[in-house]
Amino acid sequence: MTFLEEHLLSLMLSVPVIGALIILMVRHKDQAQANSNVRWVALLTTILTFFLTLYMWMHFDASNADFQFVEKAKWVGDIQYYLGVDGISVLLIVLTGFLMPIVVLASWDAITVRVKEYMIAFLVLEMLMIGVFSALDIFLFYVFFEGGLIPMYLIIGVWGGANRIYASYKFFLYTLLGSVLMLVAVLYMIMTAGTLEIPALMDFPFSPEAQYWLWLAFFASFAVKMPMWPVHTWLPDAHVQAPTGGSVILAGVLLKMGGYGFLRFSLPMFPDATQELAWLVFGLSIVAIIYTSLVALVQNDMKKLIAYSSVAHMGFVTIGIFVLNVNGIEGAIFTMLSHGIVSGALFLLVGVVYDRLHTKEISRYGGLATNMKVYAVSFVFFSMASIGLPGTSGFVGEFLVLIGAYKADSWLAFLAATGVVLGAAYMLYLVWRVIFGVLDKEDVKTMKDLSAREKLIFAPLIAVVLWMGIYPNSFLEPIHASVAKLIADDFSAPAAQDAAHGR
Amino acid sequence: MDTLIKLIVFLPLLGFLTVGLFGRPLGNGFSQVWTSGLVSISAILSWVVFWDVGFAHNTYGVHVLSWVSSGDLSFNWAFQVDTLTAVMLVVVNSVSALVHWYSMGYMADDPSKPRFFGYLSLFTFAMLMLVTSDNLVQMFFGWEGVGLASYLLIGYYYHKPSANAAAIKAFVVNRVGDFGFALGIYACFLLMGSVEFSTIFADAANYKDAQFHFLGGDYHALTVICVLLFVGAMGKSAQLGLHTWLPDAMEGPTPVSALIHAATMVTAGVFLVARFSPVFEFAPDALALVTIVGAATAIFAASVGLVQNDIKRVIAYSTCSQLGYMFFALGVSAYGAAIFHLFTHAFFKALLFLGAGTVIHVMHHEQDMRKMGGVRHVAPYTFFMMTIGTLALTGFPFMAGFYSKDIIIEAAYASHAYGSGFAYLMGVLAALFTSFYSWRLVFMTFLGESRAPAEVMKHPHGANGFFWMPLTLLAIGAVVAGVLTHGLFTGEERFEFWRGAVWTTQGDVLDEAHHVHGLAKWAPTVMMVLGFLLAYYMYIVNKAVPQQLAKTWDGLYAFLLNKWYFDELYNFLFVKPAFAIGRFLWRRGDEQTIDGLGPNGVSSAVAFVAARVRKVQTGYLYHYAFVMIIGLAAAVTWLMTSGGGH
């Protein structure tokens, strides 16, 4: 093992911090020049981090189900600096690395006040997100998990829209409840199992009784993060108020922490409770899919519409995770990756017109296909990916989740699949109102098509969506071994039942 | 040959990508010639493959790329070419190439040609992926891909609200069908552990008595699968219940109607059922459903076609009705006959649509037949072409439809399957309607005095070679397609020709169909003549009759004119409630209940406590950060001092 491989995760955590420190030191008489320097430093930092995540993906051993790139050192008390990735987390880190340069580029012209603080907030956030997906010490995880919210609050609270206080307040109330319960649960687990190491906790047999309560405590936290119905109402407000970059990271990465949490903690640590309480997750997910799809249909604000569609998509993720079979879980992880890119792209698309007209009101637009042709094509493309058209990334995840759901119960698949019809309705209705129709509003007529910088943002996103749709095995292969291990360790019995059930 | 097959499928994709990415710099002229040229090459190669598969009796499997593997599920991007696929290749690519060429004339004034031709090529590619697939999921890819192209082309004139509404309607209604299709794929995989055709068809017989747990009940497994797949077919092929999108789809440019909504895409459902004949054969209940839905659609659509005044809508309902014929042919296990009718129908229906398009072009974009009349004076060649198309459609002896439609009706008569009697009666009655509305169209449009503004008749738009060439080729097809190929599809050589691509268990209904005699055999022809005479009387001899009838039977007339009120019903049942419920859940559910009890409720409860905090604008933020840091500090301290509970 080379030095790079031995310390890869530490490097990934430290590069953004170093970038932030450099930005902190940027001084220039000319404010515009200073801002430009800050942007370039942020861009180069995130690109470097992205290359590191790519290097990790390339050197990730897909046949190995255990944690890789492990780093372990004593830290404070019993808390260890303990990092590592497996098939469940590796691509989520790559996703984070991929989206960050895009976010920096998207904020290039849109953010003009406190550019320095803005970029620092994002770089710290990147470090914390990578930390969440790589921490193998439960306390370390908790710190990253909760800490990530602080930069996000700042991003919404400082660079957000008019009603940002209400949005961050809602965010606060919901998250507080979840984190308090989770902290209590974490402390209880540490006491009972006598270890803070996540791999050890995975093997520790908690009593069924304890599992039940611990599961619920973690569920409170993860369900808010997902978000699941009925604790989802913070998300539309947060998105509407957040600046474009904030929305992209919120939808692209932060929402994935809930799903990751379920896979890392709830399933392997509390398998009995997971099976016992899966019905609860299914119920809430089905409600989420149908309920929020219908709500999305009547939205007047583009960001709210996409936010509600995110809740519906996350419903597919939670179903996939809790059907406890290979197809479902792999589909759920794939859907998380796909949704991270597609919804991120959709928020970026909203940002493009918001930068020009400063409104997200759907009825203020119309007929953009006439004067913004490249934009229109991109909009339709990502809408189709969101709808789950085969050949795009959205299809593969949904397809696997629904197959997994069908194995568990045909009702589950049947009800979840209605979301596929409703999804087409609300997305196409949005496309009609924004992209098609008559171009009759004077200020909309003057809007320019995508700039070179904006094209540079969307081109890689389109390429990845197609890659994931046409050759998804690149993304499924690293996942296989870890998912197989998860099921073999904790849920081999129901898997056997599935096989019998199929015949 | 493998390379040839890949070329056939991917050349249209190349065309789409070229003009999609570089259409504007390359220009209008290049875009249209390039895409049309590539599809034409595909068409020529398709005939080569057809010859090789149909007469040299080869079959091909071409692996392209692995697609998905997850657990016990895996499938590839791969092509399979047997006789059924070869027929579809020929139909799709030939009509597509002709429509590409025709569009050069029809869309001559259109400012965004690269977009139009790009969409046409995209459609062609998706359709080819559908018909060449060797597994259900790739078929689904093509299935949804043609849906996308159809959506884009119906909404091509995107400034028109009606075009947008029609496009969304088409996509969403098709999604309802696809919902069934997808569930069918899952069921198939769960039962047989594979989505590959070769495995499914080889194993189907082993599951002929299997039970399947679905939505709380236990059902005959293969019936569940077939019914679910058929729901998909109903959506794509506009069968009764899921047909409402097809007439509205006429909002698209007319060449699109000819290609997608007459000759190719809408026949995908027929193709699906024929492809799955080895499974359907073990699910007689599903076949009965196919028969009844098909027959009901045939008569329903024909009845609506009787009174429509929009020239394209008449042909659209005619298409819907003819698809019904194909389905009940499938239902009575006359798969060869269904595909035969699919084949001939592609020629004469595309001919009729392109002919109608020429009329519309000549008449300055007028589509209402009440404002036409006497068009033969300004477009005599089109009149000639449309007459050939009409003769073929109505089943005039020795024209294409004569062979394909009659064998379907005879098969229904000869069959003993459930629903076949109903199908026979509806088929014969629909033949009368077909003849009537087709001749009504010809008479209203081409004969009599002109009802168009004098200005239009004085200066009709000229139609050039791009119009005549495709029309002529299609007309030749409409004349000879039946007489040349009926032996292959349904006659003596059919076993040699199909070689198991379509498959039957319960005897050979086509054999019995050939031995139907007497009135049963001649009924469709009699109906054809009767329909002609009725139309002639009502629209040439005594023109007051239609209006009198409409007045006397005003209820029935309104019922037919309003398409049996399906749209109104669906609006009432689905569209309006969806929006109303959405609004209710948003305002009452999210904003009043959840937020009211949750964050806002908490907020007002602690309002007096928080009054001070709220004065500080970002108070909550720091508040939270503070709480968290304190909490963390406390926890860390505790961990350090207690030693983590050792």
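Taking only protein heavy atoms and a 1.4 Å probe, what accessible area per residue, in Å², does region A:3-500 have with all protein chains in place?
On the way: 14610 Å² over 498 residues.
Per-residue value: 29 Å².
Given a 1.4 angstrom probe, what's the average accessible area per residue across region B:435-536, in square angstrom?
49 Å²
Roughly how crowded by other chains is peptide B:182-195, in terms of the mean Cβ count from those chains within 10 Å of each of its Cβ atoms? It would help to have the intermediate numbers written out before the result.
Working: counts 9, 6, 0, 4, 12, 4, 0, 5, 9, 2, 2, 3, 0, 1.
Taking all residues of B:182-195 together, the mean is 4.
Amide H to amide H under 5 Å from A:D301: which residues, 5+ apart in sequence or cross-chain, H placed 1.01 Å off N in plane?
HN-HN under 5 Å from A:D301: A:I362.
Summing both sides, how much accessible area is buried between B and A? Use a 1.4 Å probe and give Å² to the nearest 100.
Counting protein atoms only, the buried area is about 7600 Å².
Whenever you get a sec, line up A:K360, B:K551 from highest to lowest accessible area (probe 1.4 Å, protein heavy atoms).
Sorted by accessible area, descending: B:K551, A:K360.
Whole percent per 10 Å bin, from 0 to the bin with the longest distance: what is P(r) over all C-alpha pairs of region A:3-500?
Using 10 Å bins, I get a P(r) of 4, 21, 32, 27, 12, 3, 0, 0 for region A:3-500.
With 26 Å as the limit, write out which pairs from B:K169/B:K563; B:K6/B:K312; B:K6/B:K405; A:K360/B:K160; A:K256/A:K407; A:K29/A:K303 have Cα-Cα distances beyond it, or answer none.
Going by Cα-Cα distance, B:K6/B:K312; B:K6/B:K405; A:K29/A:K303 fall outside the 26 Å limit.
Helix-only estimate, please: 222 nm mean residue ellipticity of the protein assembly as shown, summing -39500 (n - 2.57) across DSSP H runs of length 4 or more and dividing by its residues, to the nearest 500. Before the final figure, lay out each step's value.
Numbers: 54 runs with 825 residues, N = 1149.
The helix-only estimate for the protein assembly as shown comes to -23500 deg cm²/dmol at 222 nm.
Over region A:3-500, what is the mean sequence separation of C-alpha contacts under 8 Å (at least six apart), divided by residue count, expressed as relative contact order in percent?
15 percent
Please compute the average number of Cβ atoms from other chains found within 10 Å of each residue's Cβ in peptide A:165-176.
Across A:165-176, the average partner-chain Cβ count within 10 Å equals 5.
For the protein assembly as shown, which whole percent of the accessible surface, found with a 1.4 angstrom probe, sits on carbon and sulfur atoms?
Values: 25480 of 38120 Å².
The nonpolar share, carbon plus sulfur, comes to 67 percent.
Let me know the mean shielding of A:8-14 by other chains, meaning the per-residue number of their Cβ atoms within 10 Å of its Cβ. Numbers along the way, then the final one.
Numbers: counts 0, 0, 0, 0, 0, 0, 0.
Per residue, the average neighbour count from other chains is 0.
The values are calculated or read from the model by the stated rules, or taken from the named source; none is laboratory data. Note that the structure is predicted; figures quoted are calculated from it, not measured. FYI the Cβ positions are ideal-geometry reconstructions off the backbone, even for glycines, and counts take in every protein chain you see. Keep in mind that these areas ignore ligands, DNA and RNA; they rest on the heavy atoms of the full protein, side chains included. Shrake-Rupley method; radii C 1.70, N 1.55, O 1.52, S 1.80 Å.
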